[in-house]
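Have a look at the structure below before the remarks.
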Amino acid sequence: MKILQVCAVDFTLHHFLVPLISELRGRDHDVVVACAEGPFVRSLRSTGLRIEPIPFSRNISDLWGHVCAYRALRSLLRNERFDIIQVHTPIAAAIGRLAAWKERVPTVVYTAHGFYFHDKMWFPKRLMFLSIEWFLGRFTDVLFTQSKEDAVTAQRFGLCKTGRIKAIGNGVDPKVFYPALSLEDRKRRRLALGAEPETCVIMMVGRLVVEKGYRELFSAMEHLDAELWVVGEHLPSDHAGGIEKDIDRVLKDDLTRDKIKFLGRRDDVPDLLRAADIFVLPSHREGMPRSIIEAMMTGLPVVATDIRGSREEVCQGLTGFLVDVGVVWGLRDALDTLVNDGKLRHSMGHEGFQRARELFDESSVLARQIDELSL
C-alpha cells in the first residue's frame, strides 16, 4: 500500500507517529509524511523517511494559511495517488479529509488523539465543534480514537459516515519506559539535578501552556514539602496561552523558587521518571495522555485531573488520585498524601506498572490499527 500520514507539525510526528510509521514501513508499505517543516524533520529524513512539506498553520483563524495548505496537499495527492491517507491533529485532519475527498483517495482514516470539544467546554462552543466533526465525518471511512470515551461519543453522534469507529488506546514501548534498575543509579541521577536522596520529587511533562494546569500546580507546591521537576517547552506553533508570567512569579517567590526546577525540553525523560517519586498532570483537557502511561510504566503513582483520557488510565485510589480541574486544594491534598507516605507511593506505583503493562503496551495499539486496516 501507498500510505500518506498527515499531521500539522513535526513535533507530533517525532513524538507520536514514528512507531506507527516504522511498523508500516517494516511491513513493506510505502509511507510518506505530510507536515510543516520544523526542527525534527532533518533527523527524521536521515532515517530514509520521505517528508513532504505542507504549510499547515495551527492558528484556527489563519484562513489564508489553511487555503495554502489545502492547495498544497491536493497537489500532492493528485500527483502521488495514495491508497490510504491517515490524518492526525485537528486542523491538519480537517484539511486532509477535505483534500482527500476532492482527490478521491480510496480510504480516509482519521485518528482523533482527543476531540477538541470536551465535557468541560461551554455548551454552545462544544456544539459548534461537535457539528464540525460531524460534517468532516462525512469524508471519513475509518475513525480511530485513543480513549474509549471518545469512541462512545463518536458512535453516539455518528462522527464517521461508515460507522467504522474503534478505540485503539495509547501506549509506550516497555523497553524504553521501565522502573529504575538500581537504587544507586536512581540516586546518581537525582544528585545530578540537585535532589537529595531523602527529597520527594514530583515530576510533570507537558507543554508550557495554561491548559496543562501549571498555575494550579505552582500554587499547590507552595505548601508541599517536595521538589517539582517541570519538563517541557512552549512551542512556537502553540496557539494555547503560555505561562511565562507564572514562571517569572515562581522564580521570584521565596516559597517556590528553590523547589521548582524548569528543565526545558529533554531527551532523557525515561531516566528522569526513574529518578522521580510522583508524577502529576493537572490538565484542563486531554485526549489520552501518553505522559501518564510513561510514568505508570516506570512505576510511579500518578495524580491527574478527572478528565477524558486521564480517568481511563488512572484508577482512583489504586494507581493514584483523580482531582477536580482547577481546584488547587484538591491537587495539593492528593500530592501531600503521596509525599508523606512512601509505602503508598510504592504500592500505587506497582499497581500502575502492572496496569500499564497489561493495557498500554505500544505494540498492542499498533496491532489494533494494522488489523482494522488489513495492513
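Applying 1/(1 + (r/R0)^6) with R0 = 22 Å to the Cβ-Cβ distance of residue 61 and residue 15 gives a FRET efficiency near 0.30. Once backbone amide H atoms are built at 1.01 Å from N, residue 54 has 35, 36, 37 as its partners under 5 Å, excluding neighbours fewer than 5 places away on the same chain. When you restrict to C-alpha pairs under 8 Å that are six or more residues apart and normalise by the size of segment 1-120, the relative contact order lands at 28 percent. Shape of segment 183-359 from its Cα gyration tensor (a ≥ b ≥ c, root eigenvalues): rounded if a/c is under 1.5, otherwise prolate when a/b > b/c, or oblate? In terms of gyration-tensor shape, rounded.
The lysines within cross-link reach of residue 161, meaning a Cα-to-Cα straight distance under 26 Å and a gap of 8 or more places when in the same chain, are 2, 102, 125, 148.
Remark: segment 60-65, residue by residue, has Karplus-estimated 3J(HN,Hα) of 4, 8, 7, 4, 5, x Hz, where x stands for each Gly or Pro and the curve is 6.51 cos²θ - 1.76 cosθ + 1.60 at θ = phi - 60°.
Centroid-to-centroid, using Cα positions, segment 335-375 and segment 108-151 are 25 Å apart. Close amide-amide hydrogen proximity is noted between residue 303 and 279, 280, 281, 321, each under 5 Å apart and 5 or more residues distant or on a separate chain (H modeled in the peptide plane; Pro and chain starts excluded). When 277, 268 are sorted by how many other C-beta atoms sit within 10 angstrom of their C-beta, beginning with the fewest, the order is 268, 277. Listed by Cβ neighbour count within 10 Å, with the fewest neighbours leading, 23, 133 appear as 23, 133. Where only DSSP H runs of four or more residues are counted, the chain gives -12500 deg cm²/dmol as its mean residue ellipticity at 222 nm, each run worth -39500 (n - 2.57).
Please tell me the relative contact order of segment 183-359 in percent, rounded to the nearest whole number, where contacts are Cα pairs under 8 Å and at least six residues apart.
Over segment 183-359, the number comes to 23 percent.
Using θ = phi - 60° in the Karplus curve 6.51 cos²θ - 1.76 cosθ + 1.60, the 3J(HN,Hα) couplings for segment 174-181 round to x, 7, 9, 9, 8, x, 4, 7 Hz; x is entered for Gly and Pro.
Listed values for segment 187-196 are Karplus-derived 3J(HN,Hα) couplings in whole Hz (6.51 cos²θ - 1.76 cosθ + 1.60, θ = phi - 60°), namely 4, 5, 5, 5, 4, 4, 9, x, 9, 6, and x replaces Gly and Pro.
Find the relative contact order for the chain and round it to a whole percent, using C-alpha pairs within less than 8 Å whose residues are 6+ positions apart.
For the chain, the relative contact order is 14 percent.
A straight Cα-to-Cα reach below 24 Å connects residue 259 with the lysines 187, 212, 245, 343, residues fewer than 8 places away in its own chain not being considered.
How would 117, 321, 123 line up from fewest to most surrounding beta-carbon atoms within 10 angstrom? Numbers along the way, then the final one.
Working: 117 19, 321 23, 123 9.
By the 10 Å Cβ count, ascending: 123, 117, 321.
Amide H contacts under 5 Å for residue 173: 362, restricted to partners 5 or more places along the chain or on a different chain, H placed in the peptide plane at 1.01 Å from N. Between the helical axis of 328-339 and the longest alpha-carbon principal axis of the chain there is an angle of about 60 degrees.
Here, each number is a calculation from the coordinates, and none is a lab measurement. Because the structure is a prediction, the values reported are computed rather than measured. For neighbour counting, all protein chains shown are included, and Cβ atoms are generated from backbone atoms with ideal geometry for every residue, glycine included.
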